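A.B. asks: So that we are looking at the same thing, I have put the structure below in structure tokens.
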Amino acid sequence: MRIQPSSPPPIKSAQSSLASNPFLRSITNKLEGNNEPNDDKQHRSVGVDPDFYDMVDDNILSILLNACKPLFDLVSSSSPDSKGSTMKPADLLMSTAKLIIAAGFKMKEKARQDMAEEDLGGGMFDKDVKGMREFAAKVPLPQVYDPGEQQMLDTQHALHDAPGKVLRRYKTGTKLFTCQLADTGRGVDVRAEMEIRAPVEQVLGYFMGHLPLYDKHITSENDAKIVLGERSSDHSLFAMAEIPMPAPFHDREVVTRSLWKKLDESAFLYVQASCEHDEFPRRAGVVRMDLRRSFKLTRIRPKLTKLVVSGSMGMGGVIPRRINDSVTIPVAFTTLTNVTRYFVCVRPADSFDEGDGTVLGRLLFLEMHPHRQNRDLLNEKIVDMIRMTNVLRSAQAKYRFFDELLYHVIRNQMRKGAVQTSFAVETPLVALTAKEAGRISRSFIVVMMSNATPQSAVDEHIGKFLALRELDREYAWFRPMMEAIAIELMRDVAMGVKLRAGLGAGLSLMDMVSDTIIIRDLFKTPGKGPFAKALLACLAFNLTWQVVLVLMQSAGLQRNRLRTMLLESLAVVSFIKP
């Protein structure tokens, strides 16, 4: 069906159109030189006027029509208002032409980005997201539980709430979740807490197995294979996990039943326990495992869920408890990492905010940093993460160097030439090459070594390069992601680096002590007072100059400026700056 255009409204005169339209008025002001140039706009190294490129928004057609009205009026109308216009027809014609060129370029750029994102595997989990939302819509519906299901829920709920003797706080190596180990008498019970940036109903849908594409993608040949079984209702699921084991151990498997129940308006209980089922008969040569896990999900905000986990797993067969715990505890962490990764991957790029950026940075470090010594494997992991994650895939489609930027930041290795932090890469974001991006990201390690806090290091690094400043303005999640990675990198500094830094600080303090002793002895020695004063003045000038340099370097920081100034100045006057 073709929509017939309605009769066009009367065309305004040029003067009234410019006066009523802020966009056209801004064009006139720029042509007349009434406004100072905007240094914050995003410059493009293409044959398009950057002023007009930045003015073009999604409502391109409406803007073009509004821009053309005064032009048509000036050219064809003889009204008195048009004669009094301060804008020449030639200037307005040039403005309209530039605007049309910029609009066409932006539409072409958007089409290229969509094609590039499709080539990277765009929307690979769309069916999972749809299934998850369909399940979430059923969660508020009443659920009927049979006596066996109710007994299982009550038993697991009591075990979840039962306090155990805490052995120790387990170091997880990440800030994504915290963990404690409790002794149950028969083994170790893993208790963990974390926050997931997703609605509680969708988190529940994740545990109920409504994500076949995601499970298939993250499962390799050596990982456990999950086989979903009977779904007798929306709140019940049988499944089997097949776990390959290295020789001489037998392969393992575990058959589980999963149930969930609504506790109140904002809390749910999800439990999983090993069982027997006719759909999954026992197999010869395969050992059955024991599993018990309970998850309490609490809605903090509409898109933020608190998760409290309690669980234990027995490998079965004749395996010492120490070996059993060394295997089962990391398995519990893998479950928590997987759920975090899923919701980071499927969150739409346009709704990714600062909090999501922090989670993304921690996740990238946790999964990529262990492979930093294997360059090919690290590159493969980063590319796969980009393909899976909507926001990273969108950034990679627009800026082809983004994987190179992540690669060198995660690898975090000193390289010949990387210490030359004074080089300038003032190439704008749209024209940045992969080589320049690699050079920028390799200098990040040196910036971290010269700053006291990760935040100040990221702030200095972003402020040094035009392309990073443009990335920071375009993506709200970019800076928090970099800060999260920097925090983890500083925590993971090798012991040798710490020893060298400590040795340098120790020598500096010894030098301060020796200077103090010498100055005191010179003051006590007759006739040596001027030498002592000269040495003291030299020392005072040195400290003052270092403090001035610190203040100059910290003046341009956008975050924690005063705190950084005080901390760095304290390091100077206490002689531990080296």
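Condition check ((1) open to solvent by 10 Å² or more (accessible area, probe 1.4 Å); (2) modelled with pLDDT of 90 or more; (3) farther than 19 Å from Phe478 by Cα; (4) not in a helix (DSSP H, G or I)) across all residues:
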site: Leu364; (1), (2), (3), (4): no, yes, no, no
site: Leu378; (1), (2), (3), (4): no, yes, yes, no
site: Leu392; (1), (2), (3), (4): no, yes, no, no
site: Gln396; (1), (2), (3), (4): yes, no, no, no
site: Tyr407; (1), (2), (3), (4): yes, yes, no, no
site: Arg415; (1), (2), (3), (4): yes, no, yes, yes
site: Ala418; (1), (2), (3), (4): no, no, yes, yes
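A.B. asks: Within region 443-469, how many residues turn out to be surrounded by fewer than 22 Cβ atoms within 10 Å (Cβ to Cβ), closer than 26 Å to Val344 by Cβ and among the charged types (D, E, K, R)?
C.D. replies: So the count comes out to 1.
A.B. asks: If I filter region 231-251 down to residues being touching an Asp or Glu at 6+ places or on another chain (Cβ under 8 Å) and modelled with pLDDT under 90, which single residue comes out as nearest to Pro147 (Cα to Cα)?
C.D. replies: Ala241
A.B. asks: Is there a residue in region 269-276 that is touching a residue at least 12 places away in the same chain (Cβ under 8 Å), touching a Leu at 6+ places or on another chain (Cβ under 8 Å) and farther than 22 Å from Lys225 by Cα? Before the answer, list the steps.
C.D. replies: Step one: list which residues in region 269-276 are touching a residue at least 12 places away in the same chain (Cβ under 8 Å), which gives 269-276.
Within this subset, residues satisfying the condition of being touching a Leu at 6+ places or on another chain (Cβ under 8 Å) are 269-274.
Among the residues that remain, those that are also farther than 22 Å from Lys225 by Cα are: 269.
Yes, some residue in region 269-276 is touching a residue at least 12 places away in the same chain (Cβ under 8 Å), touching a Leu at 6+ places or on another chain (Cβ under 8 Å) and farther than 22 Å from Lys225 by Cα.
A.B. asks: Of the residues that sit in region 226-244 and are touching a residue at least 40 places away in the same chain (Cβ under 8 Å) and assigned to a loop (DSSP other than H, G, I, E, B), which one is least open to solvent (accessible area, probe 1.4 Å)?
C.D. replies: Ranking the qualifying residues of region 226-244, first place goes to His235.
A.B. asks: Right, something else. Given the conditions (1) within 30 Å of Val391 (Cα to Cα); (2) modelled with pLDDT of 75 or more; (3) open to solvent by 60 Å² or more (accessible area, probe 1.4 Å); (4) not in a helix (DSSP H, G or I), report the number of the one that Ala476 does not fulfil.
C.D. replies: Among (1) within 30 Å of Val391 (Cα to Cα); (2) modelled with pLDDT of 75 or more; (3) open to solvent by 60 Å² or more (accessible area, probe 1.4 Å); (4) not in a helix (DSSP H, G or I), Ala476 violates only (3).
A.B. asks: Follow-up. Conditions first: (1) within 14 Å of the chain's Cα centre (by Cα); (2) of a type in the set (S, T, N, Q); (3) farther than 30 Å from Ser258 by Cβ. Thr389 passes all but one, so which condition is the exception?
C.D. replies: Checking Thr389 against (1) within 14 Å of the chain's Cα centre (by Cα); (2) of a type in the set (S, T, N, Q); (3) farther than 30 Å from Ser258 by Cβ, the one that fails is (3).
A.B. asks: Could you check Thr328 against (1) surrounded by fewer than 21 Cβ atoms within 10 Å (Cβ to Cβ); (2) hydroxyl-bearing (Ser, Thr, Tyr); (3) closer than 19 Å to Glu367 by Cβ and say which number it fails?
C.D. replies: Checking Thr328 against (1) surrounded by fewer than 21 Cβ atoms within 10 Å (Cβ to Cβ); (2) hydroxyl-bearing (Ser, Thr, Tyr); (3) closer than 19 Å to Glu367 by Cβ, the one that fails is (3).
A.B. asks: Contact list please: Cβ distance under 8 Å, first residue in region 385-404 and closer than 18 Å to Ser351 by Cα, second residue open to solvent by 40 Å² or more (accessible area, probe 1.4 Å) and basic (Lys, Arg), pairs at least six apart or on different chains.
C.D. replies: Arg393/Arg387
A.B. asks: Counting just the residues of region 288-324 that are at pLDDT 90 or above and of a type in the set (Val, Ile, Thr), which one comes out least open to solvent (accessible area, probe 1.4 Å)?
C.D. replies: Thr305
A.B. asks: Got at least one residue in region 174-182 being of a type in the set (Gly, Ala, Ser) and open to solvent by less than 10 Å² (accessible area, probe 1.4 Å)?
C.D. replies: Taking region 174-182 and keeping what is of a type in the set (Gly, Ala, Ser), we get 182.
In the following step, the residues that additionally are open to solvent by less than 10 Å² (accessible area, probe 1.4 Å) were identified as 182.
Yes - at least one qualifying residue is present in region 174-182.
A.B. asks: On to the next question. Residues being among the charged types (D, E, K, R), within 9 Å of the chain's Cα centre (by Cα) and buried (at least 17 other Cβ atoms within 10 Å of the Cβ): count how many of those fall in region 347-362.
C.D. replies: So the answer is 2.
A.B. asks: I've got another one for you. Mind checking which pairs have a first residue in region 461-479 that is touching a residue at least 24 places away in the same chain (Cβ under 8 Å) and under 21 Å from Gly355 (Cβ atoms) and a second that is among the acidic types (Asp, Glu) and open to solvent by less than 10 Å² (accessible area, probe 1.4 Å), Cβ under 8 Å, 6 or more apart or different chains?
C.D. replies: What qualifies is Trp477/Asp356.
A.B. asks: While we're on this one: Which of (1) over 27 Å from Gly463 (Cα atoms); (2) modelled with pLDDT under 80 does Gln558 not meet, given it meets every other one?
C.D. replies: Status for Gln558: all satisfied but (1).
A.B. asks: Separate question: Of everything in region 245-263, what is open to solvent by less than 60 Å² (accessible area, probe 1.4 Å) and either among the hydroxyl-bearing types (Ser, Thr, Tyr) or assigned to a loop (DSSP other than H, G, I, E, B) (or both)? Give them in sequence order.
C.D. replies: Those that are open to solvent by less than 60 Å² (accessible area, probe 1.4 Å) and either among the hydroxyl-bearing types (Ser, Thr, Tyr) or assigned to a loop (DSSP other than H, G, I, E, B) (or both): Met245, Thr256, Ser258.
The values are calculated or read from the model by the stated rules, or taken from the named source; none is laboratory data. For clarity, every value in this text was computed on a predicted model and none was experimentally measured. Cβ coordinates were reconstructed from backbone atoms using ideal geometry, including for glycine residues, and neighbour counts include every protein chain displayed. Side chains included, ligands, DNA and RNA excluded: accessible areas come from the protein's heavy atoms. Shrake-Rupley method; radii C 1.70, N 1.55, O 1.52, S 1.80 Å.
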